[in-house]
2 protein chains.
Amino acid sequence: LDKISIGMLGLGTVGSGVVKVIRDHQDKLVHGVGCAVQIKRILVQDLEKERDVEVDRSIITAISAEIIDDPTIDVIVEVMGGIEETRKLLLRALENKKHIVTANKDLMALHGPELLETASKNGCDLFYEASVAGGIPILRSVVDGFASDRIHKIIGIVNGTTNYILTKMSDEGKSYLEALKEAQDLGYAEADPEADVEGIDAARKMAILSTLGFSMNVGLGDVRFKGISRVSQEDIEYGKQLGYTMKLIGAAEREGDRIDVTVQPALISDSHPLAAVKNENNAVYVYGDAVGETMFYGPGAGSLPTATAVVSDLAGVMRNMRLGVNGHSAVFPQFPKKLKTTDEVFKKYFLRLVVEDEVGTLAEVTSLFSQEGISVEKIWQNPKRGSISEIVLVTHKASQKNFEDILVKLNDSRVVKRVGSSYRIEI
Amino acid sequence: LDKISIGMLGLGTVGSGVVKVIRDHQDKLVHGVGCAVQIKRILVQDLEKERDVEVDRSIITAISAEIIDDPTIDVIVEVMGGIEETRKLLLRALENKKHIVTANKDLMALHGPELLETASKNGCDLFYEASVAGGIPILRSVVDGFASDRIHKIIGIVNGTTNYILTKMSDEGKSYLEALKEAQDLGYAEADPEADVEGIDAARKMAILSTLGFSMNVGLGDVRFKGISRVSQEDIEYGKQLGYTMKLIGAAEREGDRIDVTVQPALISDSHPLAAVKNENNAVYVYGDAVGETMFYGPGAGSLPTATAVVSDLAGVMRNMRLGVNGHSAVFPQFPKKLKTTDEVFKKYFLRLVVEDEVGTLAEVTSLFSQEGISVEKIWQNPKRGSISEIVLVTHKASQKNFEDILVKLNDSRVVKRVGSSYRIEI
């Protein structure tokens, strides 16, 4: 084996990066893996489109079969995105005994088990490091680095767009819409930012991380998620005054055989290193029973970081090909999935209540909390802003069920005009 | 292959941890690797000694040959430490076709190339993840995660003892000796703390990281290192006032084909996440040409974190055994080692000068700097402490050679009583 031929599906931002990385680091790849890699064919939609990278016209095609069914192509690099069409192409490629490297988190979150099983059945590798947190080799670390430990918690910032927006809101006092606009101008956010700002992208990543970390089949539907579009400048400011930073936090926790996976804007302690993770960067903490706390930090997105993750996976496939051991890397879930109920999840909470400015309000509010059995750690009455009277408070740990109950009671209370906002305090 | 037998050399802190991790996570190992692991024999010095973990008396031996020459033992786990004797045992084990997992950084920094070559020749794996930064899977990340990228910088905190001491000095105002004593009481520092506090341990780790990261054979002798025993409370305080935190920083940098590897107490910007790495924790930044900045954080030492790294390596060996592909993981240096000279290393510096309290001192000092061609970014005259008159300054980037020259000139100057201290500003 002196050369490995790859077929690429897609030549967008990440695809162009892959072409560049393979070109620029050919020497290192040959040294590390022992053979050269050649891009034999690239599938594109528009043959005429201008590209970020120079590619010989003869290797570009608009016909997927010229790649999927070409017996001389060893590995498929899928960087075209999409779900149903892409799933079919990859399944056919696997039946044709081609190995696959993909950066497609949507596909993996939805059809990961089916694809991995098909790969295994056909003796093929299917690697997808690039699908989670671009430049951080977190999947490899979760699988290999923790091969002998049991993970009980994965928590972090897994979406670059929302972290950029929250950083600008927090550090520069920008409004949500200003910050979003800036992220879009810089190319960090899509024209339609929904998947990012509503937490869907982060939830998909947490599903993949939980599946690997807890060895259970966790899907997008198992993640309770909420985005950042309703985070206000005032909540960020109150958080600051209490020593907290606002971040979109993905959290996956296991106790015994039951797990809880969430994505939501949450407050974290200023002194925690996650608070220092700014702009488009990502960081993931992994807690093992034996190792304790570890953290991986890096660029969450971007053409070259993601492309590097793709090509590192490609190097893994190539190494396995040279040794003749493809199709053995996948580790299938060991445990049945069991989700915690809301009375099994305990957290501290931040609450901002818009209240009547009258005597007895504080007593009424605290009595509601004590009826619900939730104890209050800090309470801050009347930090008046203009004509609005507010109570800001931080609870001790309470079950999510109790907390949801008290939100209802507070909304019903005569002295509370409305619950201005509420956030988990994660760390 | 339904069971893999291992022989352990050593049953101290890390060894006991390895026994515990193998016991507690046997299920996960069997699931991930496909077969069970059995500890067949353990070499100890003192058969009678009380251990942290319960071990059947029948598997303990004081005779190394009962492990090294036992044909039924597949893998040696070396956690006894030591250099010359250990080197000989491991070389013999490799000739006997046994795979090796070691946590011995001293040995790997000194004899890594010889051992890796012998392993490769005998078709054996030799893994040593645990030798650098205990709980962080940094070696695996540097090798696999960056397989398709070119690393140009590795910088971080790679010694837990010194980071604990500096944290206590910085956050609690303790003196160096108080903090050292506390670290010793807690078991973070040895009774003889020299290897840690003088930077030797960190230098060994940087040698291993540089070897892998730059694909050059870097030894301890190639690392310029300095410890923390002369770091004073006042330097930490001045640093704080300028927005910097004092850390023992390992830095390995490459430009073109030339590298520079150092370990020294240095100032880093408060806002940089490394400044938030406290106590016994470690963190390593790796910069790739394509990926950009990534960081790995975790416990730098400790029985269970280190043991987990050992057993994760063991899982790698076992996986390779089942696939029949041992002895192919080592990647040998691709490039000849070339070190930068001191006129090729450019850094900003912090300087504290004890000066004469008289008119013209500042002019004299600044003129020395301008003669040397070093420009000054900040200068802070006479932050007088008692009867001592001082000048504190921060330079723009200057070559190390120029900086060393100016230190000599300053010491010779009539107005400068002495150079109180000087530190690199790394970030």
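The values are calculated or read from the model by the stated rules, or taken from the named source; none is laboratory data. The shown structure was predicted, so the numbers you read here are calculated from the model rather than taken from an experiment. Neighbour counts run over all protein chains shown; Cβ positions are idealised from the backbone, glycine included. These accessible areas exclude ligands, DNA and RNA; they are computed on the full protein's heavy atoms, side chains included. Shrake-Rupley method; radii C 1.70, N 1.55, O 1.52, S 1.80 Å.
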The helix B:13-24 Cα axis meets the longest alpha-carbon principal axis of chain B at an angle in degrees, between 0 and 90 and rounded to 10, of 50
Does anyone have the angle between helix B:84-95 and the longest principal axis of chain B? Alpha-carbon axes, 0 to 90°, nearest 10? 40
Sorted from shortest, what are the nm distances separating the label point of A:Glu404 from equivalent points in the other copies, each placed 7 Å from Cα along Cα to C-beta? 6.7
To one decimal place, what orientation-averaged projected area in nm² is obtained for the convex hull of the Cα set of the range B:285-338? 6.3
Nearest-first distances (nm) between copies at B:Val376, label 7 Å from Cα via Cβ: 5.6
With point charges of +1 on the Cβ of Lys and Arg and -1 on the Cβ of Asp and Glu, referenced to the Cα centre of the protein assembly as shown, which listed residue (B:Val354, B:Ala62, A:Leu267) lies farthest in the positive direction of the dipole? B:Ala62
Please compute the net charge surrounding A:Ala93, taking Lys and Arg as +1 and Asp and Glu as -1 over other residues with Cβ under 14 Å from its Cβ. -1
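Work out, step by step, the length gained on full extension between A:Arg23 and A:Gln233: first 0.36 nm times the residue separation, then minus their alpha carbon distance; give nm to one decimal. The partial results should precede the final answer.
Details: separation 210, 0.36 × 210 = 75.60 nm, distance 4.53 nm.
That works out to 71.1 nm of additional length.
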Within the under-13-Å Cβ sphere about B:Val223, not counting B:Val223, Lys/Arg +1 and Asp/Glu -1 give a net charge of +2
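From the convex hull of the Cα coordinates of the protein assembly as shown, what is the mean projected area in square nanometres? Walk me through the numbers before you get to the answer.
Details: hull surface 159.3 nm².
Its average projected convex-hull area is 39.8 nm².
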With Cβ to Cβ distances under 10 Å as the rule, what net charge do the other residues near A:Arg150 carry (K, R +1; D, E -1)? -2
Quick one: how many Å² of B:Asp222 are accessible to a 1.4 Å probe, rounded to 10? 30
Find every distance from the label point of B:Ala65 to the corresponding label point in the other copies (7 Å from Cα along Cα→Cβ) and write them in nm, one decimal, shortest first. 7.1
Rounded to the nearest 500, the 222 nm mean residue ellipticity computed for chain B from DSSP H runs (n ≥ 4, each -39500 (n - 2.57)) alone is -11000 deg cm²/dmol
Whenever you get a sec, line up B:His328, B:His111 from highest to lowest accessible area (probe 1.4 Å, protein heavy atoms). B:His328, B:His111
Over the range A:348-427, calculate the relative contact order: mean separation of alpha carbon pairs under 8 Å at least 6 apart, over the residue count, as a percent. 48
Buried area at the B-A interface (accessible, heavy atoms, 1.4 Å probe, summed, Å²): 4100
If you find the alpha carbon centre of the range A:167-201 and of the range B:7-24, how far apart are they in angstrom? 49
Could you report the accessible area of B:Glu178 in Å², rounded to 10, computed with a 1.4 Å probe on the protein chains as they sit in the structure? 100
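Just the number, please: Stokes-Einstein D of the range A:132-261 in µm²/s, Kirkwood Rh from C-alpha pairs, 37 °C, 0.692 mPa s. Walk me through the numbers on the way to the answer.
Working: Rh = 15.7 Å.
Estimated diffusion coefficient is 209 µm²/s.
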Relative to the longest principal axis of the C-alpha atoms of chain B, give the angle of the C-alpha long axis of helix B:361-372, reported between 0 and 90° and rounded to the nearest 10°. 60
One point scatterer per Cα, no solvent, Debye formula: log10 I(q)/I(0) for the range A:319-379 at q = 0.28 Å⁻¹ comes out as -1.25
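Note down the relative contact order for the range B:1-54 as a percent, whole number, built from C-alpha pairs under 8 angstrom at least six residues apart. Please list the in-between numbers first.
Numbers: 57 pairs, mean separation 29.6, N = 54.
Averaging sequence separation for qualifying contacts and normalising by length gives 55 percent for the range B:1-54.
Could you check how much of the accessible area of chain B is carbon and sulfur, as a whole percent, using a 1.4 Å probe? Let's see the in-between values first.
Values: 7840 of 16300 Å².
Whole-percent figure for carbon plus sulfur exposure: 48.
How much length is gained if the chain between B:His328 and B:Lys401 is pulled fully straight, taking 0.36 nm per residue apart and subtracting their Cα-Cα distance, in nm to one decimal?
Values: separation 73, 0.36 × 73 = 26.28 nm, distance 4.26 nm.
Between B:His328 and B:Lys401, full extension yields 22.0 nm more.
Per-residue Cβ counts within 10 Å, from other chains only, averaged over B:306-316: what number is that? Before the final figure, lay out each step's value.
Working: counts 2, 4, 12, 5, 1, 4, 9, 4, 2, 6, 2.
So the per-residue partner count for this stretch is 5.
Over all directions, how big on average is the projection of the convex hull of the alpha-carbon atoms in the range A:334-427, in square nanometres?
Details: hull surface 28.0 nm².
For the Cα atoms of the range A:334-427, the hull's average projected area reads 7.0 nm².
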Students sometimes get this wrong: rank A:Ser271, B:Ser375 by accessible area, probe 1.4 Å, all chains present, largest first. A:Ser271, B:Ser375
For the range A:1-81: rounded, prolate or oblate by the Cα gyration tensor [a/c cutoff 1.5]: oblate
Arranged from highest to lowest average of other beta-carbon atoms within 10 Å per residue, in what order do the peptides B:404-415, A:54-65 appear? B:404-415, A:54-65
Which whole-number value in Å² is the accessible area per residue of the protein assembly as shown, probe 1.4 Å? 38
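Quick check on the range A:39-93: take the gyration tensor over C-alpha atoms, sort the square-rooted eigenvalues as a ≥ b ≥ c, and tell me if it's rounded (a/c under 1.5), prolate or oblate.
Values: a/c = 2.04, a/b = 1.35, b/c = 1.52.
It is oblate, given that a/c is not under 1.5 and a/b is not larger than b/c.
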First measure r as the distance between the Cβ atoms of A:Ala191 and A:Asn411, then evaluate 1/(1 + (r/R0)^6) with R0 = 45 Å and state the FRET efficiency to the nearest 0.05. 0.80
Taking square-rooted eigenvalues a ≥ b ≥ c of the alpha carbon gyration tensor, is the range B:187-257 rounded, prolate or oblate, where a/c under 1.5 means rounded and, failing that, a/b exceeding b/c means prolate? oblate
For chain B, averaging the sequence separation of alpha carbon pairs under 8 Å that lie six or more residues apart and dividing by its residue count, the contact order in percent is 16
Could you sort B:224-232, A:288-296, A:341-349 so that the peptide with the highest average Cβ count within 10 Å comes first and the rest follow in order? A:288-296, B:224-232, A:341-349
Given bins 20 angstrom wide, list per bin the percent of all Cα-Cα distances in chain A, short to long. 25, 50, 21, 4, 0
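Taking a 22 Å limit on the Cα-Cα distance, which of the listed pairs A:Lys278/B:Lys347; A:Lys28/A:Lys278; A:Lys153/A:Lys338; A:Lys226/A:Lys401; A:Lys181/A:Lys205 fall beyond it? Before the final figure, lay out the partial values.
Numbers: A:Lys278/B:Lys347 25 Å; A:Lys28/A:Lys278 31 Å; A:Lys153/A:Lys338 15 Å; A:Lys226/A:Lys401 17 Å; A:Lys181/A:Lys205 24 Å.
Those over the limit are A:Lys278/B:Lys347; A:Lys28/A:Lys278; A:Lys181/A:Lys205.
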